[in-house]
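Nothing in this text is a laboratory measurement; each read-out follows from the coordinates by a stated rule. Since the model is a prediction, treat every value here as computed from it, not as a measurement. We place every Cβ from the backbone using ideal geometry, glycine too, and count neighbours over all the protein chains shown.
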Amino acid sequence: MPSQIVSLVVNGERREFIAAPGVTLLASLRESLGLTAAKRGCAQGACGTCTVLVDGRPEVACLVAVETVAGRSVRTLEGVAAGGELDEVQNAFVDCFATQCGFCTAGMIMVAEALLDRDPDPSEADVVEAISGNVCRCTGYRPIVIAILEAARRRRGAVSR
Amino acid sequence: MTYRLAPIDTSTFAAERAAAAAGRGVDGGDFTVIGSVVQRSDARGHVTGRTEFFEDVLPPRLAHLKMHRSARHHARILDVDLTEALAVPGVLRILTHADIPNNLYTPLKLIGVGPDDEPILAVDKVRYLGEPICAVVAETEAAALEGAARIRVAYEDLPPVFDVEEALKEGAPLVNEYHGQNHFIYEGHHCRRIRFGDVAEAFARADHVFEWRYQSAPIEQAPAETTGCVVVPQADGRLRIHSDTQACFFTLDNTALILNTPFNKLRIVGGTVGGGFGGKVDVVVEPVACVAAMAADRPVRFVYDRAEEMQVSSPRAAERIYIKDAVMDDGRIIGRKATLYVDAGAYARHSPYGTTKAAAHLPGPYAIPNVWADCHCVFTNRTPSSAMRGFGVTIADFALESQMDRIARALDLDPLRLRLLNAYRDGDLKAHRKVAEGTALVEVIQKAAELAGHELPEAYRRMSSTTREGL
């Protein structure tokens, strides 16, 4: 099977690249487009470090063959801080000390973005459910859950920064 | 849900804080960090995805390395056939032990611990399941994997030993010929020993003698980012090593010794570690990746997949610990005898050091006048174990504190009072002949009891680490 030209809308911009058959969305983002925020932790869909949004839905990019999402819209962590300004989720992760080694952070933030886009006022149980596919080995999940709830509050305008 | 962001105690250094706030005083400006919220310097990079981990380095012409690993726990290697593997399209080179300048090493040789006992790539024998035998360098990861899968190794099985006490028995299979016996030798002794007072006399006059056995399993650190590196040959002949090692200089020095090259030929770019917990202290990927980069004259990436991380990266050692205590009716422990076995796996790595740490930690934070301990660093055909968060100490503490709770239960004593009675105080001579200073166990237990609403009698509340009151 020959390689093909695949086109994606990545963080709002149309990008084209050559994809070998079966190459993953994760490898395409990292190696063809130079977007390395999404990480390879397990390459088998178990750790969530490679999570990106495809048409707004969180997907583990290591399990997605890129040709199956051709033409669709992909959002990565690089597309979150518009114009260099951190958004509520990013700021809350910094303020609540929800990062340690940083390796799971991109995936955690992307599932949080998808959650808050869908539900601006999630319960703690909703947050736990949303990050249930994402592994963190450093901080424990508590500061991450707190950060996402804090981000939701800030986004709703209930608490000013 | 209610929560607080970073509760801060600003009661300390009140005068200095006030001076700093008012912009007065020579040193006032130094007292602004403790007691205030300080953002992590790396947090912004993490939340924007701009932190550079080693695998984010993608130099042009990057080649990939995958390992062919032992399919046996213990076996002689009769033959290695590379024919099919070399025919795989995209395979550039296959490295064997003959390609490694100094194939034999041990990481702690830098601090004088020997002998060298571990090959970078296996020579005539494998000593654990997953031991590296050949390194396949290829254009793509897929080709490297395919090449590694097509290497044929003929083995002659040897009897393996998996149990620390079995390994020390007469006639047990010899795991590691470089040691000559299945344990590490400490300055001429078969184990790391403590001899303090007279435990036999203590057992003879004790009201009670308690002996229990404790066993832990190996524990994998399981960092989110797997172990790996990218080695980039430089125009001046040096090698730039992007690595997630937790020990940059340690890795550089060991790698230089293995490559038989001056230290200044290597440069490590590191410090960003996607979780380590001790699991990224061994020097296991960089040396062979450097040899591959020199052989192929191209950048090379060698990174463990998740299965390798779980199977062959060194875990916390399994330990077996026997503790026998001489205890009086009132709970005073007058003698403690411990026999501790650390399962180093097939190679020493950091286990001789971990075993010494375990010995230094005995008999726990207690003033026990008679202590006897034998701490064995044992070689078996298991995955080599190594560093992980307080290794040597953590499992010993599990055993020691379980022992304290069991004694309290057996004598129907309050477990906190039992500990307060036996806790070391400033000035106590510890079993390894160091004088305890700056101890705080008494105060910590008192505070914990208070927070937990656990009632202590007045005499126990008045105890102190700096006096003998109540003893």
Neighbour-count ranking for B:His454, B:His73, B:His189 (other C-beta within 10 angstrom, fewest to most) reads B:His189, B:His454, B:His73
Under the 7 Å Cα-to-Cβ spin-label approximation, B:Ser402 and B:Ala18 lie apart by a distance in nanometres of 5.4 nm
Ranked output for segments B:352-363, B:101-112 by mean other Cβ atoms within 10 Å, highest leading, reads B:352-363, B:101-112
With 0.36 nm assigned to each residue of separation and the Cα-Cα distance removed, B:Glu450 to B:Arg462 gains 3.0 nm
1/(1 + (r/R0)^6) with r = Cβ-Cβ of B:Asp329 and B:Ala217, R0 = 41 Å, i.e. FRET efficiency to nearest 0.05, evaluates to 0.70
As a Kirkwood estimate from alpha-carbon pairs, the range A:4-76 has a hydrodynamic radius in angstrom of 11.8 Å
The alpha-carbon center of the range B:180-210 and that of the range B:134-173 are separated, in whole Å, by 36 Å
Result row for chain A, helices from DSSP H with C-alpha axial extent 18 Å or more and mean Kyte hydropathy at least -0.5, is A:105-118, A:142-156
Residue separation between B:Ala71 and B:Asp236 times 0.36 nm, minus their alpha-carbon distance, gives in nm 55.4 nm
Given all pairs of distinct Cα atoms, the range A:1-142 yields a Kirkwood Rh in Å of 15.5 Å
Relative contact order of chain A (C-alpha contacts under 8 Å, at least 6 apart) in percent is 22 percent
With the 8 Å Cα cutoff and a minimum separation of six or more residues, chain B has a relative contact order in percent of 16 percent
Within the protein assembly as shown, the percent of DSSP beta bridges that are antiparallel, given to the nearest 5, stands at 80 percent
Projected area averaged over all directions for the convex hull of the alpha carbon atoms of the protein assembly as shown, nm², comes out at 34.8 nm²
Links exceeding 21 Å between C-alpha atoms in this model, out of B:Lys109/B:Lys434; A:Lys39/B:Lys280; A:Lys39/B:Lys265; B:Lys357/B:Lys430, come to B:Lys109/B:Lys434; A:Lys39/B:Lys265
Once normalised by the length of the range A:82-156, the mean sequence separation of its alpha carbon contacts under 8 Å that are 6 or more apart gives a contact order in percent of 48 percent
Per the rule of 0.36 nm per residue minus the C-alpha distance, extending B:Ala307 to B:Ser41 adds in nm 92.5 nm
Nearest-0.05 FRET efficiency for B:Glu52 and B:Ala142 at R0 = 22 Å, using Cβ-Cβ distance, is 0.30
Dimensionless Rg/Rh of the range B:201-338, both radii on Cα and Rh by Kirkwood, sits at 1.29
